[in-house]
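Engineer: Shown below is the structure under consideration.
Read the figures in this text as sums done on the coordinates, not as results from a lab. Owing to the predicted nature of the structure, the values given are computational and were not obtained by experimental measurement. Because the Cβ atoms are built from the backbone with ideal geometry, glycine has one as well, and the counts that use them run over all protein chains shown.
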Amino acid sequence: MSDTLKAIKGMNDILPGSVPRKDKLPDSALWQWFETTVRSVLGRYGYQYLLTPIVEPTALFVRGLGEVTDIVEKEMYSWHDAMNGDHLTLRPEATAGIVRAMVEHNALYNGPLRLWTMGPMFRHERPQKGRYRQFHQLDVEALGFAGPDVDAELILMVRRLWKELGLVEGQHVRLEINSLGQPAERAAHRAALVAHFQDHVAELDEDARRRLHSNPLRILDTKNPAMQAVVESAPRLIDFLGPESMAHFDALRAMLDAAGLAYRVNTRLVRGMDYYNLTVFEWVTDQLGSQGTVCGGGRYDGLFAQLGGRPTPAVGFGLGIERLLLLIQELGLPVPDASPDAYAVVADASGLPQALATMEALRGAGVAVQMHAGGGSMKSQFKKADASGARFALVFGGDELARGMVGVKPLRDATLTQADQPLGDVAAWAATLRRPAPDA
Ligand code: ATP
Ligand code: MG
């Protein structure tokens, strides 16, 4: 065993729930339910799906995220391609790649687009609960809209996603918003901020001193408890916003208020990436320790131009799927039952041709049938039927088959009785096996 190969630290397998695992990571049924729910909710808002490559030129992220960001400074998996020396990077986030694709295909020529994608991201961080080196994001972008209506729509769409996943907004997840204003306002704030931090330079840690001139705004993002006082007393960006920025923020707030969505204005909320302006938001939870941000996003009107495209307003968010599913799991929220409708036990191999044909007819009628493969005693087959979570066992016994019938045995509902059903007329009884629709 000593020389068996293992997954890379911080990169996880996502497995069916029937596979026991020590790390208690959410199983694949939870992932599929999340994906189905996302597809349904986003479709109702007119968002379209796209996929972009996992590997991109390193320059995309250096230009797109900014050199003095955690991601570009120390979290990227980058290498020189052995064949031609190209400098490549595993994507640490999805927005830069999507914007690259839009510019490359002149995709906004016919008007704005609402887009979403989902997939793995890579960051070389210290692995811990809710923080991995390969993790997955749902990423949503509204491109070509100046907002703030579309900012509000995005945030309300996330609220709807919470609702359909069973998360209670205000209790399990809370919304925080802020405005980062425009570049000129940020420059004025930045000058005041540098002056403030210079006055308190003794209280700054090494990271902060290094960022004092390169990226002082990011100092506000510090997780160092020793620096909380100097950060608390720093000048607030919101006090430097001009009337247009304030109007955008006020309009967003009015729409959220009218929709009955509670939020906290967190004037210290900044985002890790440099490209954000105006609206920023995070959905946070108290249940996951310091990995409390489940979803974060905002407006990035400057990114298209920064990546060589035509100036284009844009807003979007990334949602950490592992964190979200861990939260759902820890709260013990009900998740849909993924077990089959029926489990087929076959007494003797001679019955398999008829049994398989019947199962095919049932699946054609929309019934989820799991076949017991590999034979064995009826007792052991019934044990497996029970363990499968199926609501019915289909009993293909010698007697039943001889009469052209299959036994339908209820496994979960004591009010139902066992009955034989005709093999030749599956359509007449298939519906009695199907799981009732959730709100029927
Ligand atoms: P954090 O402050 O927790 O490092 P971030 O600001 O770096 O988060 P974003 O770049 O905004 O995160 O990514 C959006 C979301 O992706 C986060 O809110 C989080 O839910 C998730 N996420 C980010 N990094 C990781 C990671 N290493 N492992 C798991 N999920 C992550
Ligand atoms: Mg991070």
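Engineer: List nothing, just return the count: lysine pairs in the chain, 8 or more apart or interchain, with Cα separation under 15 Å.
Structural biologist: 8
Engineer: Something else: Once R0 is set to 60 Å, what does the formula 1/(1 + (r/R0)^6) return for the Cβ-Cβ distance between residue 305 and residue 168, expressed as a FRET efficiency to the nearest 0.05?
Structural biologist: 0.90
Engineer: Could you order peptides 326-338, 55-67 by the average number of other Cβ atoms within 10 Å of their residues, highest first?
Structural biologist: My ranking of the peptides, most packed first, is 55-67, 326-338.
Engineer: Moving on. From zero outward in steps of 10 Å, how is the percent of C-alpha pairs of the chain spread across the bins?
Structural biologist: So the P(r) values, bin by bin, are 4, 17, 24, 21, 14, 10, 7, 3, 1, 0.
Engineer: Going highest first, how would you order 355-361, 297-303 by mean Cβ packing within 10 Å?
Structural biologist: The most tightly packed comes first, giving 297-303, 355-361.
Engineer: On to the next question. With everything on Cα atoms, drop me the angle between helix 243-258 and the longest principal axis of the chain, reported from 0 to 90° to the nearest 10.
Structural biologist: It is inclined by approximately 30 degrees.
Engineer: Next question. How far is helix 352-364 tilted, in degrees, relative to the longest principal axis of the Cα atoms in the chain, given as a value from 0 to 90 rounded to the nearest 10?
Structural biologist: 40 degrees
Engineer: Could I ask something else about it? Once the piece of chain linking residue 244 and residue 415 is laid out straight, how much longer is it, given 0.36 nm per residue of separation minus the C-alpha distance between them?
Structural biologist: Net length gain for the segment: 55.0 nm.
Engineer: Under the rule a/c < 1.5 gives rounded, and otherwise a/b versus b/c splits prolate from oblate, where does segment 342-432 land using the Cα gyration tensor?
Structural biologist: rounded
Engineer: Residue 137's amide H: which non-local residues (gap 5+, or another chain) put their own amide H closer than 5 Å, with H modeled 1.01 Å from N in plane and none for Pro or chain starts?
Structural biologist: 119, 121, 321
Engineer: Once fully extended, how much extra length lies between residue 223 and residue 28, figured as 0.36 nm per residue of separation less the alpha-carbon to alpha-carbon distance?
Structural biologist: Roughly 66.9 nm would be gained on extension.
Engineer: 7 Å from Cα along Cα→Cβ at both residue 201 and residue 77: what's the point-to-point distance in nm?
Structural biologist: 4.1 nm
Engineer: Between residue 379 and residue 428, what's the calculated FRET efficiency when r is the beta-carbon distance and R0 is 45 Å? Round to 0.05.
Structural biologist: Using R0 = 45 Å, I get an efficiency of 0.90.
Engineer: Here's something else I'd like to know. Just subtract the alpha-carbon distance of residue 160 and residue 14 from 0.36 nm times their residue separation and send over the number in nm, one decimal.
Structural biologist: The residue 160-residue 14 span can extend by a further 50.0 nm.
Engineer: Same structure again: Nearest 10 degrees is fine. How inclined is helix 378-387 to the longest principal axis of the chain, computing both from alpha carbons?
Structural biologist: Tilt of helix 378-387: around 30 degrees.
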